[in-house]
Amino acid sequence: MLLIPCPYCGPRPELEFRYAGEAHIARAEDPSLLDDEAWTAYLYVRSNPKGPHSERWQHVHGCGRFFNAVRDTTSDAFAATYRIGTPKPDLPKPDGKTEAS
Amino acid sequence: MTRYSIATLVRNAFLDHENWPRVWRSAEPKAAYDVVIVGAGGHGLATAYYLAKEHGITNVAVLEKGWLGGGNTGRNTTIIRSNYLFDESAALYDHAVKLWERLSQELNYNVMYSPRGVMMLAHTIHDVQVFKRHVHANRLAGVDNEWLTPQQAKAFCPPLNIGAGMRYPVLGAALQRRGGTARHDAVAWGYARGADARGVDIIENCEVIGIRRDAAGAVAGLETTRGPVRARKVGVVAAGHTSVLMHMAGVRLPLESYPLQALVSEPVKPVFPCVVMSNTIHAYISQSDRGELVIGAGTDAYISYSQRGGLHIAQHTLDAICELFPQFRRLRMLRNWGGIVDVTPDRSPILARTPVPGLYVNCGWGTGGFKATPGSGQLFAWTIVKDEPHPINAPFTIERFRDGVLIDEAAAAAVAH
């Protein structure tokens, strides 16, 4: 089970949280202006990386708030958690091999 | 290829089984192939087998970064069934069940297909309504499925607890009698042997690290840890790592990869005659021929490539098993493990061409790909050779998400996710 550092409450067990998918996928201001490919990408296509992944979590059995996290999908280790609305933190770059490793 | 028969078995028994030939060669990669399949699991090996057998294309390589059958083929709970709700799915999975029925003879290799019946339990009024709908839809589609009362379910599977004191009482069950299990490793080995005998090179410990494309954008070959390999047609059959591979060709897919767990108990005498699934309280269970109870658990909530899952996921499933089968409470679990499954938004697979000419993808089987292995391989081979899908896999495109023609088995809840 993961130990997840909620930016509001501190580290708590995974059971208190709900995973909410990839982060930083913005809904278009006016979806009617998107073509089918762009709308499909928004709805369905995900980056699914092997390596650092930006994702949303909700501390559903705690403060109830959403936040973002960067987690390495090969080790499940959290590199950072940060509040919704703040930009993705500038993490030290991995060696660039994560996609293929 | 040595044909296996009672005569070869007797002869080798007298020779202390020391002279059985190797079942497949350990091939070195050549510079070029007509078709390269990425991933030597059941689906990839079956694809190579049918390319050689049904289409006469034998200049084929199957590249595998690890060892043959070492991914999800060797990690699943071996359940075979075809009682899916939608016509497209029922046709796809029942095509595979029909191949399973003759697969041991086809491959001259005992895959131990055992149609012992797959029983899906209903615990709520909603379950009852959904499963009855499945029964009717399946029967209209020509797929066997029948409704059982709790008493009939217990008669079919005597260990089942149908007592009224359960937190989630058994209100009935849907039974597919043609469903069952097979020996997962034997499926990979049998297809590998058949493909190898027809000239296919199976190359293990060979990881793909790049996909080369020509000036027109079409596939030109692969970069691997054992050198470059040229090919005009490449089929990616890499399950949980499909996104990673397709990224090398600049293709983004509607896929997410999750760890899915399974576990086995200590071996006991034959106690469990069939396969039982419960979507609502999330448990899958059957008994292997070695006597171990084979138990399927759920996926973790988050994407991961770690090939292990959270302990609470397995515990959740064991809670359900212990309530359904109280006599198993004192069994000890011997091993548990995880595999990385690639899940699509509608929980149906993608078996199709990609936007890159010469690049084909067979993925998105999610938590239930083993059952489709023979059919998936045969249809994918067809798709690669003809450069267009077979009518059975024609609905399973990437473009269905753009065009709004999902095959939404997720909402149909034919299977727990």
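Results, tabulated for the structure shown:
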quantity: Hey, A:Arg56 at pLDDT 95 or above, closer than 30 Å to B:Val405 by Cβ and within 15 Å of the chain's Cα centre (by Cα) or not; calculated: yes
quantity: Residues that are under 20 Å from B:Asn161 (Cβ atoms) and part of a strand (DSSP E or B), drawn from the range B:106-131; calculated: B:Val118, B:Met119, B:Met120, B:Leu121, B:Ala122
quantity: Hits in the range A:1-52 - residues which are facing chain B (nearest Cβ under 7 Å), touching a residue at least 40 places away in the same chain (Cβ under 8 Å) and assigned to a helix (DSSP H, G or I); calculated: A:Leu15
quantity: Residue within the range A:83-90 that is in a loop (DSSP other than H, G, I, E, B), more than 11 Å from chain B (Cβ to nearest Cβ) and either buried (at least 18 other Cβ atoms within 10 Å of the Cβ) or modelled with pLDDT of 95 or more (or both) present; calculated: no
quantity: Qualifying residues in the range B:359-408 (those that are of a type in the set (Lys, Arg) and more than 14 Å from B:Glu88 (Cβ to Cβ)) - the one surrounded by the fewest Cβ atoms within 10 Å (Cβ to Cβ); calculated: B:Lys386
quantity: Test for A:Arg71: is it in contact with a Gly (Cβ under 7 Å, 6 or more places away or on another chain) and either part of a strand (DSSP E or B) or away from chain B (no Cβ under 11 Å) (or both); calculated: no
quantity: Answer residue from the range B:198-218, given it is of a type in the set (A, V, I, L, M, F, W, C) and touching a residue at least 60 places away in the same chain (Cβ under 8 Å) and is farthest from B:Thr2 (Cα to Cα) among those; calculated: B:Ala216
quantity: Those residues of the range B:307-345 which are among the hydroxyl-bearing types (Ser, Thr, Tyr) and out of contact with any strand residue (DSSP E or B) (no Cβ under 6 Å at 6 or more places or on another chain), in sequence order; calculated: B:Thr344
quantity: Number of the exception - B:Gly56 against (1) at positive phi; (2) in contact (Cβ under 8 Å) with a residue 40 or more places away in the chain; (3) of a type outside the set (A, V, I, L, M, F, W, C); calculated: (2)
quantity: Some residue of the range B:135-145 being part of a strand (DSSP E or B) and in contact (Cβ under 8 Å) with a residue 40 or more places away in the chain; calculated: no
quantity: B:Gln315 vs. criteria surrounded by fewer than 21 Cβ atoms within 10 Å (Cβ to Cβ) and either among the acidic types (Asp, Glu) or in contact (Cβ under 8 Å) with a residue 12 or more places away in the chain (or both); calculated: no
quantity: Selection count where residues are more than 13 Å from every other protein chain (Cβ to nearest Cβ) and among the charged types (D, E, K, R), scope the range B:218-261; calculated: 4
quantity: In the range A:82-92, the residues that are in contact (Cβ under 8 Å) with a residue 40 or more places away in the chain and under 18 Å from A:Pro49 (Cα atoms); calculated: A:Lys88
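The values are calculated or read from the model by the stated rules, or taken from the named source; none is laboratory data. Bear in mind that the values here come from a model prediction, so they are computed numbers and not experimental data. Cβ atoms come from the backbone with ideal geometry, glycine included; neighbour counts cover every protein chain shown.
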